[in-house]
1. Hey, with R₀ at 41 Å, roughly what FRET efficiency would residue 170 and residue 212 work out to, going by the Cβ-Cβ distance, to 0.05?
2. If each of residue 66 and residue 103 carries a label point 7 Å out from its Cα toward its Cβ, how far apart are those two points in nm?
3. How much mean residue ellipticity at 222 nm does the chain get from its helices, if each DSSP H run of length 4 or more adds -39500 (n - 2.57) and you divide by all residues, to the nearest 500 deg cm²/dmol?
4. Please compare each pair in 35/211; 25/85; 35/205; 35/88; 85/216; 88/211 to a cut-off of 18 Å on the Cα-Cα distance and tell me which ones are over it.
5. Can you report the principal axis dimensions of the chain using only the alpha carbons, biggest first, rounded to whole angstrom?
6. I'd like the trypsin sites (Lys or Arg not before Pro) in region 172-231 restricted to DSSP loop residues with at most 14 other Cβ atoms within 10 Å, sorted by number.
7. List the DSSP H helices in the chain whose Cα atoms stretch 24 Å or more along the helix axis and whose mean Kyte-Doolittle hydropathy is at least 0.0.
8. Please identify the trypsin sites (Lys or Arg not before Pro) of region 61-126 that satisfy two criteria: DSSP loop assignment and at most 14 other Cβ atoms within 10 Å. Which are they?
Amino acid sequence: MSQNSHVPNHIGIIMDGNGRWAIEKGLPRAVGHKKGAEMVRVIVESAANVGVTSLTLFGFSIENWRRPKSEVSVLMNLAESYLLKEIKSLHKEGVCFQVIGNRQALPNSLQDRILEAEDQTRLNTRFYLNIALSYSGRWDIVNAVNQLKKAHPQDEITEDDFEGYLSLSDQEPLDLIIRTSGEQRISNFLLWQAAYSELYFTDTKWPDFDKSEFSKSLDFYQTRNRKFGGL
């Protein structure tokens, strides 16, 4: 993609395929998750370098709590390890980090790491990295409704009012959703925010989704004529 081409301001990625990637190689699923965590740095750097301003990664859905406890434990530990390892570098690079989702369901130690990371980077404005943990789009909408009921019990609510209580309301609209590993659905990810997003599906599994694969998604975005309901 040309450096002068228009790029999406805000990209969301459903990072799918870690377990299948490992199984295909005769490895434990945990190895795939670890490799997938390593790819986060690659894509964050790639997105920031081409001019993307916000990146939201779907790390763990509310539905994922149904997985075996051993696998859930691996994923929680990887999230905590990522913060311990990467947050200083992210802060140095001007990245503002936050987690969206029902964080009360997360382990206490991970909640503590998240708060530390958010506090350390909250004034950064070069790039916004959002990780969705224990998140679902339906949860996001219901949570916004409940907040609205408390704040405006008698008022007629507009779309703008409602959007102000959703996750990521302070960032650019979601322009592009990428899903890796061949599945073609958005799986309860940013449902409201995805209303006019372009959708890019690739057979490449997340551990293999490198800079070259990311560039392909941006090339796809260049081909789209976004009308937002107009002519």
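1. 0.80
2. Computed distance between label sites residue 66 and residue 103 equals 2.7 nm.
3. Rounded to the nearest 500, the figure is -14000 deg cm²/dmol.
4. 25/85; 35/88; 85/216; 88/211
5. Principal-axis extents of the Cα atoms in the chain, largest first: 58, 44, 35 Å.
6. 185, 224, 226, 227
7. Passing helices, by number: 29-50.
8. 122, 126
Coordinate-derived values only; no laboratory data. Just so we're clear, the structure is a prediction, and the values are computed from it rather than from any experiment. Cβ sites come from the backbone with ideal geometry, for glycine too, and all protein chains shown count toward neighbours.
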